[in-house]
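The values are calculated or read from the model by the stated rules, or taken from the named source; none is laboratory data. As the structure is a computational prediction, the values presented were derived from the model and not from experiment. Cβ sites come from the backbone with ideal geometry, for glycine too, and all protein chains shown count toward neighbours. Accessible surface is based on the protein model in full, side chains and every heavy atom, while ligands, DNA and RNA are left aside. Shrake-Rupley method; radii C 1.70, N 1.55, O 1.52, S 1.80 Å.
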Amino acid sequence: MHHSIRKHLALVPVALVLLAPTARGGDADALPPAVSNANAQLLSQFFAQGGASPAVLEYRRKLQEYQQIRGAFDEEAGAYWSQVTEKRRGRNAKRRSGQQITLDDYVLEQPPVYTGPKRPVNPEPEQTPERPARKPLPVVADLMRAAQDLYQFTPQRPTSEVEFKRVYARYALASGLTREQAVRVYSFETGGTGNYDVQAGIEHGGKRAISTAMGYNQLLTTNSVELLAEQGHEFIRALSEKVAQTSGPARKSLEYKLSVLKRMVAHAKSVPDSWSEHEKIGDTAQGWAMHAMVLDIDVGPMLQTHKLLTSVLFARAKGYARPLTAAELEMMNLTGDGTGLDMVTMPQAMREQVPTSNFFQRGGYERNPVAIRHNTVAKLLAITDARMDSNSNNGGARELAAAF
């Protein structure tokens with residue numbers, strides 16, 4: 001612990017007064033050698049400890065104890081999570097070669113839990129490095145402004161929530177999603193009450209956005225960029241068909257929207273097709289403008305649909321012929337298609353035994369109380385289903401179900 005020279009000098013006179021003999025003149029009043037030596041030793045210790053107070057000394061002792069215990073835990077946890085990573089690599093290799101996955105391909109023990117002391121609080125003020133200001137997350141107003149600034153375009157918002165739900169339901173059914181999948185995933189993602197423009201954090205009384213996740217299936221800005229890059233041809237085709245069936249001023253408006261959509265798709269396709277590259281765009285005004293299409297009555301339902309449909313098609317392409325339950329589809333929606341399919345394709349007997357930790361990185365798992373509490377695949381799917389059951393009774397979910 002660092003102390004200023006000024007602070008040390010201020011403490012030294014006090015120590016000297018306490019430790020030095022009272023001078024009354026002559027050797028006759030000198031302290032016995034044993035006492036004098038003890039005083040010298042105390043003075044030496046005082047300087048060796050940097051003039052630390054008893055509270056600081058106790059803090060240092062507790063900190064050392066904490067570091068030893070925490071270090072031993074981190075070593076144990078590190079070995080566990082390294083094993084999870086190695087097992088995951090092994091499963092991926094077996095899948096590529098068409099081999100069957102067995103229980104031996106998973107870590108079957110639950111991750112170690114830290115039960116030692118908390119890090120002690122330093123009784124003295126510490127200098128902490130200044131953190132850079134957190135970049136504010138874009139909200140609806142920012143998305144709309146970006147679309148206007150970059151494309152001179154304002155998304156056409158629905159006249160009512162029911163209108164958006166009906167367009168979404170019609171497009172979802174035509175594309176291959178089932179009513180159960182769409183309604184139950186919506187119920188889980190929004191609590192069964194969310195509007196088409198609901199944003200994570202700004203819901204149920206929340207005042208601050210906690211992510212860019214928006215709409216029925218909670219698309220991130222990166223999702224919107226990625227869907228435009230990978231499914232943009234389908235969006236252009238569908239919107240072109242609507243243009244062909246429209247006339248008058250409405251057609252002119254749709255034609256301009258189509259031209260904007262084509263420009264967005266071209267930009268999304270201009271970088272390598274990877275999540276990291278799409279994430280870079282998503283963190284710019286360009287990505288915000290693309291994300292604004294979630295709000296559009298024509299393009300928004302297509303984005304919401306394909307957020308789920310890509311998982312359905314992924315599972316089908318991997319040879320999983322059985323229709324995904326809503327809970328299984330949500331696992332793929334939450335964790336990504338590859339990881340989600342790993343859980344989905346698992347027989348029930350294995351689901352009962354395999355810990356959820358097998359499908360997370362350590363940091364993500366330790367920040368996820370649901371995965372920790374419901375710590376097997378079977379339990380995680382069960383709680384997902386239970387929440388879908390409960391939330392499906394809420395007004396927004398019932399309204400969406402009626403739209404199908």
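Sites listed here are GluC sites (Glu not before Pro) in region 141-220 whose DSSP assignment is loop and whose Cβ has at most 16 other Cβ atoms within 10 Å: 203.
Per atom type, the chain shows carbon and sulfur on 55% of its accessible surface, probed at 1.4 Å.
Per residue, region 270-404 exposes 41 Å² of solvent-accessible protein surface, assessed with a 1.4 angstrom probe and all protein chains in place.
If you take all C-alpha pairs in the chain, what percent of them are over 39 Å apart? Every Cα pair in the chain considered, those over 39 Å come to 40 percent. Where does the longest stretch of the chain lie that holds no trypsin sites (Lys or Arg not before Pro) found in a DSSP loop with 12 or fewer other Cβ atoms within 10 Å? Longest gap between qualifying sites, sites excluded: 209-366. Only helices enter this figure: runs of n ≥ 4 DSSP H residues, each worth -39500 (n - 2.57), summed and divided by the residues of the chain, yield -19500 deg cm²/dmol at 222 nm to the nearest 500. With protein chains left intact and a 1.4 Å probe, residues in region 51-119 average 65 Å² of accessible area per residue.
Taking GluC sites (Glu not before Pro) across region 71-119, the ones in a DSSP loop with at most 14 further Cβ atoms lying within 10 angstrom of their Cβ are 109.
Annotation: residue 82 carries an accessible surface of approximately 70 Å², with a 1.4 Å probe and no ligand, DNA or RNA atoms counted.
Dipole orientation for the chain: of the candidates 154, 144, 106, 154 has the Cα lying most toward the positive pole (charges on Cβ; Lys, Arg +1; Asp, Glu -1). The aspartates and glutamates within cross-link reach of residue 262, meaning a Cα-to-Cα straight distance under 16 Å and a gap of 8 or more places when in the same chain, are 226, 230, 234, 241, 296, 298.
Near residue 327, once Lys and Arg are set to +1 and Asp and Glu to -1 for all other residues with Cβ below 14 Å from its Cβ, the sum equals -1.
With each label modelled as a point 7 angstrom along the Cα→C-beta vector, the residue 86-residue 241 pair spans 5.2 nm. Ligands, DNA and RNA excluded, the heavy atoms of residue 74 present near 60 Å² of accessible surface to a 1.4 Å solvent probe.
On full extension, the segment bounded by residue 203 and residue 122 gains 25.4 nm, given 0.36 nm per residue less the C-alpha separation.
Evaluated at q = 0.14 Å⁻¹, the base-10 log of the normalised Debye intensity for region 219-329, with identical point scatterers placed on the Cα atoms, takes the values -0.61. With 27 Å as the limit on Cα-Cα distance, the pairs of 165/242; 135/165; 242/307 that go past it are 135/165.
About the Cα centre, and with charges only on the beta carbon of Lys, Arg (+1) and Asp, Glu (-1), how big is the dipole of region 293-388? Nearest 20 debye, please. Don't jump to the answer; show the numbers that get you there.
On the way: 10 positive and 9 negative charges, 56 e Å.
I would put it at about 280 debye.
Between residue 159 and residue 375, the FRET efficiency estimated from the beta carbon spacing at R0 = 51 angstrom works out to 0.65. One decimal place: the segment residue 180-residue 110 gains 21.9 nm when fully extended, by the rule 0.36 nm per residue minus the C-alpha distance. Axis of helix 54-96 versus longest Cα principal axis of the chain: the two differ by about 30°, to the nearest ten degrees.
Against the main long axis of the alpha-carbon atoms of the chain, helix 377-391 sits at an angle near 60°.
By the rule of a C-alpha distance below 26 Å, with chain neighbours fewer than 8 residues away ignored, the lysines paired with residue 118 are 62. Taking every protein chain into account, the 1.4 Å probe leaves residue 197 with about 40 Å² of accessible area, to the nearest ten.
How far, in nm, would the chain grow between residue 317 and residue 253 when pulled straight, counting 0.36 nm per residue and subtracting the alpha carbon separation?
19.3 nm
Taking the longest Cα principal axis of the chain as reference, the axis of helix 140-151 is set at about 60 degrees.
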